[in-house]
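Derivation of every value follows stated rules applied to the coordinates shown; laboratory data play no part. Given the structure is predicted, the values throughout are model-derived calculations rather than measurements. Cβ atoms come from the backbone with ideal geometry, glycine included; neighbour counts cover every protein chain shown.
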Amino acid sequence: MKRAILYFFAFVFICFLLPAMLTKTNDKEMEEVSVSEERNEEENMEEVDNDYQYLKYGAIKLLHSKTGEVEEVPIDDYLMNVVSAEMPADFELEALKAQAVVARTYTIYKTLNKKHDNADICDDSTCCQAWISKEDRFAKWEEKKRESNWQKISDAVNQTKGKVITYANQPINAFFHSNSGGITETPVNVWGGGNYPYLQTVQTDRRRGV
């Protein structure tokens, strides 16, 4: 009788208690692995940074290529003109916000690596990045969409205020393109010169975007 009771408890332990204990251990291990992976991602990922002395770069000197005039403008006002020139206003707000971050990053990079003696950046897209005045932009939009389009672009810039993309604690040279054929190319294979570790060949989904 005692032997039968011992067999019964052994059966219960093997069939029910032992699997439960192993499952709990595995869950704990998986949780620890997950936390570790998250920490590694946080350590390796170059996140959008908003600590780049925004007051220092609160205004930029813009060279108008057609007139040669240099105008000092608040950077976010300038970016509204850039975003409205670089991306259609009917794109999703998140896409416009991404464009604003990239354009801001590119602007700061140009400010730190000047190409023009008397200005930080110019309004020629073949030299720096596209720019269009608010008046000219409004003239190209349907009248009923002008205010709502500009408000959407303003929101994209203001909601990303102060944000830039950094690598090794420095703003990157943030090239961007309007569309992709499924895979990007490294800049060194396009323009020659130096390579950028943060701009490498990647697969894309063939949709328009930054």
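Expected output is a single nm value to one decimal: the length gained when fully extending between residue 176 and residue 145, i.e. 0.36 nm times separation in residues minus the C-alpha distance. What is it? Intermediate values should be presented prior to the final figure.
Numbers: separation 31, 0.36 × 31 = 11.16 nm, distance 2.64 nm.
Between residue 176 and residue 145, full extension yields 8.5 nm more.
Which order do the peptides 73-86, 152-165, 129-142, 106-119 come out in when sorted by mean C-beta neighbours inside 10 angstrom, highest first? Walk me through the numbers on the way to the answer.
Working: 73-86: 21.1, 152-165: 19.1, 129-142: 14.7, 106-119: 16.5.
So the peptides 73-86, 152-165, 129-142, 106-119, ranked by packing, come out 73-86, 152-165, 106-119, 129-142.
Multiply the residue separation of residue 167 and residue 64 by 0.36 nm, subtract the distance between their alpha-carbon atoms, and state the gained length in nm to one decimal. Intermediate results must be reported in sequence, preceding the final value.
On the way: separation 103, 0.36 × 103 = 37.08 nm, distance 2.98 nm.
Between residue 167 and residue 64, full extension yields 34.1 nm more.
To the nearest 0.05, how large is the calculated FRET efficiency for residue 195 and residue 130 if R₀ is 22 Å and r is the Cβ-Cβ distance?
0.30
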